[in-house]
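Trainee: First, the structure itself, so that you have it in front of you.
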Amino acid sequence: MNLDLTDDQAAVDDLFRAFFARECSPAVVRGAERLGFDPVLWARLSETGAHVVAIPEALGGGGGGLFDAVLIAEAAGRHVVPVPIVEHVVVARLVASLGAAVAIEEAVIAAAPMTLALRPAAGTATLVPAGAVAAAVIVWSGERLLLARGDPPMVATPNGAGLPVADRSLDGATVLGDGDSAAQAYAQAVDEWRLLMAAALVGLADAALWMGVGYVQERRQFGVPIGSFQAIQHGLAELPGPISGARLLTRRAAWRRDHDDEVGFRRDASMAFVFATELARTVTSRVIHYYGGYGAMEEYDAQLYYRRARGWPAQLGDPYGEVDHLAGLLYGPV
Amino acid sequence: MDFAIDPATAAFERDVADLLARHLTPQLRERVHHSGTHHDWPLHRAIASAGWLAAALPVDLGGQGRGPEQLAALFRQLELHSAPYDGVANAMMIAFILGHLGTPWQRDAVLAPILAGDAIPCLGYSEPESGSDVAAASTAAVRDGDGWVISGQKMFTSLAEEASWVFMLTRTNTEVAKHRGLTFFLVPMGTAGISVTPVRTLSGKRTNITFYDGVRIEDKWRVGDVDGGWQVMLVALSFERGVAGGVSDIAALYNTMLAYLTDTTDEHGHALLEAPSVRARLARVATDKEIADLLGARAAWAAAAGIPRQEGAEAKLFGTEAYGRAASRLLDVLGPLGLLTADAENAPAGGVIEHAYRYAPILTVAGGTSEIQKNLIAERTLGLPRSR
């Protein structure tokens, strides 16, 4: 066992922590609040190759594995980025695994992001993640895997998390595949979405925790920093352990996928999603509370994290349904 | 990153599991259940014969020199098997301390029989007025010619009924800061003036209050320097570092409940595990179990890598709090059958879940309360000011 990142992994981690810290200030997040997308940030990010980091070099990708994608997603989550890096990475891997040449080319060029609908749909896919901004949407119809191309609406359905969600018509969609293999490829993609979303939530939670730790050392009441009060210290001290545990679980999931342990990967990815969803809520609601009345003011950043902690994972569905999904993986179908 | 357990640790862990499976008979569990004493001599001697009581001791001190990851594997298996291992834990810790700090005489008279599995120590830290504030111990040790006279009272002296010595924290100086006036002694339990009062606890486990009324001992029983007790305590803590106790108890609970819900059917012949609300709660416990397991592995790995910070505190806090949540959730699943204790013939899973709910409160106290862990994490992980 070695829980240190390898030199290569550490290089990816350092690179993208620095990239998002530099390119995605809270002002960028706020500027993209209505659409949930910043095209300049997306262009710069795709220049780094992050959007295709986890597909083979022969296809124009970075030749990395899901582990690299997990590191990037966590770094992105720290800055609540208004770009659909999670969706695009997942779709790039999906079309690469299917050998869909045209779609692969499109994914690599990444002038506009690609995404996937997280629920089966026919006619219209509703509330598609990044549906407002994606040039292509992959949808499972229940029988066939479809690719719906078209100019994105560039208008998000109004939502509380600043997300670029929108409905997308499936008219004129082309068929990428059908049958069991297509169903499995789609299920795999949704599992990878679960994992990368969990990693993003770990980054979000960790950044929110440290934002709160900084604030309670500045804010003074009764003549002392409020961070000197044990009530507040203990509320914060409960959080680093679960954050570290969730981070390890996302990394083990990716490690298992990269080592062809499919069963272990699916379980870990599902658990990581369930746990990180709860964790991000707990951390952001606790931190926003320690900001007192200021936490409710738009000008403070705590609310940016509080809303996204809830909204990001909600794109998949009711968390109870996710626990049910996990139970199916652990105990078999009923 | 590499999440694979290294082959040497995996092989050692299999050896531990095999030995435990051979010795943990229903008769043994029955005996522990009725006596409340979490120690079994045949099991203890078998562990001693394998040399594992000396697992933590460096090779040049006569031990096996196993690193934190293998020690964590040992305790993981003890917890996974719900083994009565209090005597093993005490013996290993005192062996570690005497290996480092013991006099030649103490190594002959105490360390040798401990490592042979012939005798165990008990621990005398807590007092009526000092628990978490352990350095506030007031049991007095006063010079008397060549020896000492000890007077006072210790709480939660578990295994005093089986132990040959109590490893005791005493006050030898009241003129200095509280942690500078402490001295450790190994006091033979047969010494005149010691009395042991049994105390039954919520989980059925037996502990004791021990009283010390003018107990005279020779200076050769002193461990470490006079007024140097806090340094001895730091050696004891370095043994525990990386071995975050209580992180695998939740796995034992989960495995028991999974087996019960899989093997038990309702009146329609369906396994209980098929009910959506049941499997969802079990899956949620499975998730906490994995997080606890990973945090335990991280604590051991950090200690092995020589860079431990507060990983042990974070693992202990999460693992023991998650155990309490799990016990409560799983007891709900059992409905009225969850009331039944191990003594009831039809108690689900032999009453293990009912017992877990009564055991949970002590897990978040023993070995450092959740509040003490949070103080450590707040100060050392988060960099917040000391608040007590």
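Trainee: If I go through segment B:343-388 residue by residue, how many of them are within 14 Å of another protein chain (Cβ to nearest Cβ) and assigned to a loop (DSSP other than H, G, I, E, B)? Working first, answer last.
Mentor: Initially, segment B:343-388 is screened for residues within 14 Å of another protein chain (Cβ to nearest Cβ), giving B:364, B:368-388.
Applying the additional criterion that residues be assigned to a loop (DSSP other than H, G, I, E, B) yields B:364, B:368-369, B:382-388.
Result for segment B:343-388: 10.
Trainee: Could you tell me which residue of segment A:2-26 is farthest from A:PRO84 (Cα to Cα), considering only residues that are within 11 Å of another protein chain (Cβ to nearest Cβ) and outside any helix (DSSP H, G or I)?
Mentor: If we take residues in segment A:2-26 being within 11 Å of another protein chain (Cβ to nearest Cβ) and outside any helix (DSSP H, G or I), then A:ASN2 is farthest from A:PRO84 (Cα to Cα).
Trainee: For the structure I just gave you, tell me whether A:ALA237 is crowded, with 21+ Cβ neighbours inside 10 Å and either under 17 Å from A:GLY295 (Cβ atoms) or at the interface with another protein chain (Cβ under 7 Å from one of its Cβ atoms) (or both).
Mentor: Working: crowded, with 21+ Cβ neighbours inside 10 Å: yes; either under 17 Å from A:GLY295 (Cβ atoms) or at the interface with another protein chain (Cβ under 7 Å from one of its Cβ atoms) (or both): yes.
For A:ALA237, the condition - crowded, with 21+ Cβ neighbours inside 10 Å and either under 17 Å from A:GLY295 (Cβ atoms) or at the interface with another protein chain (Cβ under 7 Å from one of its Cβ atoms) (or both) - is met.
Trainee: Among the listed residues A:ALA314, A:ALA296, A:ALA272, which satisfies the condition of being away from chain B (no Cβ under 11 Å) and in contact (Cβ under 8 Å) with a residue 24 or more places away in the chain?
Mentor: So the residue among A:ALA314, A:ALA296, A:ALA272 that is away from chain B (no Cβ under 11 Å) and in contact (Cβ under 8 Å) with a residue 24 or more places away in the chain is A:ALA314.
Trainee: Considering only residues of segment B:247-273 that are outside any helix (DSSP H, G or I), surrounded by fewer than 20 Cβ atoms within 10 Å (Cβ to Cβ) and not hydrophobic (A, V, I, L, M, F, W, C), which is nearest to the other protein chains (Cβ to nearest Cβ)? First the steps, then the outcome.
Mentor: From segment B:247-273, those outside any helix (DSSP H, G or I) are B:247-248, B:264-271; that's our starting set.
Checking which are surrounded by fewer than 20 Cβ atoms within 10 Å (Cβ to Cβ) leaves us with B:264-271.
Now drop any that are not not hydrophobic (A, V, I, L, M, F, W, C), which leaves B:264-270.
Working: B:THR264: 14, B:THR265: 14, B:ASP266: 13, B:GLU267: 17, B:HIS268: 13, B:GLY269: 14, B:HIS270: 9 Å.
By that ranking, first place goes to B:HIS270.
Trainee: Looking only at segment B:306-332, which residues are of a type in the set (D, E, K, R) and outside any helix (DSSP H, G or I)? It would help to see each step written out before you state the result.
Mentor: Step one: of segment B:306-332, the residues of a type in the set (D, E, K, R) are B:309, B:311, B:314, B:316, B:321, B:325, B:329, B:332.
Residue satisfying the conditions is B:ARG309 alone.
Trainee: Something else now. Hey, can you tell me all the residues within segment B:274-312 that are of a type in the set (D, E, K, R), modelled with pLDDT under 95 and surrounded by fewer than 20 Cβ atoms within 10 Å (Cβ to Cβ)?
Mentor: B:ARG309 - this is the single residue of segment B:274-312 that is of a type in the set (D, E, K, R), modelled with pLDDT under 95 and surrounded by fewer than 20 Cβ atoms within 10 Å (Cβ to Cβ).
Trainee: Only residues in segment B:88-109 that are assigned by TED's automatic domain parsing to the domain that holds B:LEU74 and farther than 18 Å from B:ALA48 by Cβ count as the first member; pair them with residues that are surrounded by fewer than 19 Cβ atoms within 10 Å (Cβ to Cβ) and of a type outside the set (Phe, Trp, Tyr), Cβ under 6 angstrom, at least 6 apart or cross-chain, and list the lot.
Mentor: Qualifying pairs under 6 Å: B:HIS100/B:VAL235; B:TRP105/B:LYS220.
Trainee: Turning to a different aspect of this structure: Looking only at segment B:97-110, filter to residues that are surrounded by fewer than 23 Cβ atoms within 10 Å (Cβ to Cβ) and hydrophobic (A, V, I, L, M, F, W, C); which one of those is nearest to B:VAL59 (Cα to Cα)?
Mentor: If we filter segment B:97-110 for residues that are surrounded by fewer than 23 Cβ atoms within 10 Å (Cβ to Cβ), which is where we start, we get B:99-109.
From what is left, the residues that are hydrophobic (A, V, I, L, M, F, W, C) are B:101, B:105, B:109.
On the way: B:LEU101: 15, B:TRP105: 20, B:ALA109: 20 Å.
If we take residues in segment B:97-110 being surrounded by fewer than 23 Cβ atoms within 10 Å (Cβ to Cβ) and hydrophobic (A, V, I, L, M, F, W, C), then B:LEU101 is nearest to B:VAL59 (Cα to Cα).
Trainee: For segment A:210-234, what are the residues that are in a helix (DSSP H, G or I) and facing chain B (nearest Cβ under 8 Å)? Working first, answer last.
Mentor: Narrowing segment A:210-234 to residues in a helix (DSSP H, G or I): A:210-218, A:226-228, A:230-234.
Hits for segment A:210-234 are A:VAL213, A:VAL216, A:GLN217, A:GLY227, A:SER228, A:GLN230, A:GLN233, A:HIS234.
Residues are listed down the side, and each one gets a yes or a no for (1) of a type in the set (Val, Ile, Thr); (2) within 22 Å of A:ASP180 (Cβ to Cβ); (3) touching a residue at least 60 places away in the same chain (Cβ under 8 Å); (4) part of a loop (DSSP other than H, G, I, E, B):
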position	(1), (2), (3), (4)
A:GLU106	no, no, no, no
A:LEU118	no, yes, yes, yes
A:ALA121	no, yes, no, yes
A:LEU127	no, no, yes, no
A:ALA130	no, no, yes, yes
A:ALA134	no, no, no, yes
A:ILE138	yes, yes, no, no
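For every residue, the table says whether it meets (1) out of contact with any Pro (no Cβ under 6 Å at 6 or more places or on another chain); (2) crowded, with 20+ Cβ neighbours inside 10 Å; (3) under 30 Å from B:LEU340 (Cα atoms).
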| site | (1), (2), (3) |
| --- | --- |
| B:ALA177 | yes, no, no |
| B:LEU182 | yes, yes, no |
| B:GLY193 | yes, no, no |
| B:THR201 | yes, no, yes |
| B:LYS205 | yes, yes, yes |
| B:VAL215 | yes, yes, no |
| B:GLU218 | yes, no, no |
| B:ASP225 | yes, no, no |
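Trainee: Picking from A:ASP260, A:ASP268, which residue would you name as being assigned to a loop (DSSP other than H, G, I, E, B) and either surrounded by fewer than 19 Cβ atoms within 10 Å (Cβ to Cβ) or not basic (Lys, Arg) (or both)?
Mentor: Numbers: A:ASP268 fails: assigned to a loop (DSSP other than H, G, I, E, B).
None of the other options fit; the residue is A:ASP260.
The values are calculated or read from the model by the stated rules, or taken from the named source; none is laboratory data. Note that the structure is predicted; figures quoted are calculated from it, not measured. All Cβ positions, glycine included, derive from the backbone under ideal geometry; neighbour counts span all protein chains shown.
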